[in-house]
1. Within region 29-44, identify whether any single residue is over 16 Å from Leu10 (Cα atoms), modelled with pLDDT under 95 and basic (Lys, Arg), and answer yes or no.
2. Among the numbered criteria (1) free of Cβ contacts under 8 Å to residues at least 60 places away in the same chain; (2) over 11 Å from the mean Cα position of the chain (by Cα); (3) closer than 28 Å to Asn19 by Cα, which single criterion is violated by Ile101?
3. Filtering region 34-59 down to residues that are in contact (Cβ under 8 Å) with a residue 24 or more places away in the chain and of a type in the set (A, V, I, L, M), which residue is surrounded by the fewest Cβ atoms within 10 Å (Cβ to Cβ)?
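The values are calculated or read from the model by the stated rules, or taken from the named source; none is laboratory data. All of these numbers come straight from a predicted model, not from anything done at the bench. Please note: Cβ atoms are built from the backbone with ideal geometry, for glycine as well, and neighbour counts cover all protein chains shown.
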Amino acid sequence: MLDNIDLVVLKITNRCNLNCQYCYEYEGKRPLGQDMSQKLFRKTVDLILITTKKHSVNLLFHGGEPTLLSLDWFRDSVNYVHKKAEVIGKKTSFSIQTNLIDISDDKLDFF
C-alpha cells in the first residue's frame, strides 16, 4: 500500500496564526495547539522511507501554519531525514505550505 509513495503531506501542527471562517480546524472538531512530536515524525519518516519503492520522496510540511514550530524543530527534522535517507539509499526533498504571515528571517533563510 505504501510502496509507491513519493509525496508525503505531514500535518505537523494544527496551530495557526489566522482565523479563517472556512477553515475546518476552527469548526470545534479538535483542540487547537497540537504539534507533531519528534518521536512521531521520526516513526513516520522511517515507515515511509523503508516501505516505499520510490527512489525519491518529497516531504511537505503542512498545518495549520507549520512555520509556528521552532526553527530547531525543522533543523532536527530535516537532519534526521537526510541521515536516514542516506543510510537507506533514498533521495529526499522538502516543501512547505505556509501563509508566510510573521515568518522570521531565520526561517526564510532555512527554507
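1. Yes - at least one qualifying residue is present in region 29-44.
2. (1)
3. By that ranking, first place goes to Ile50.
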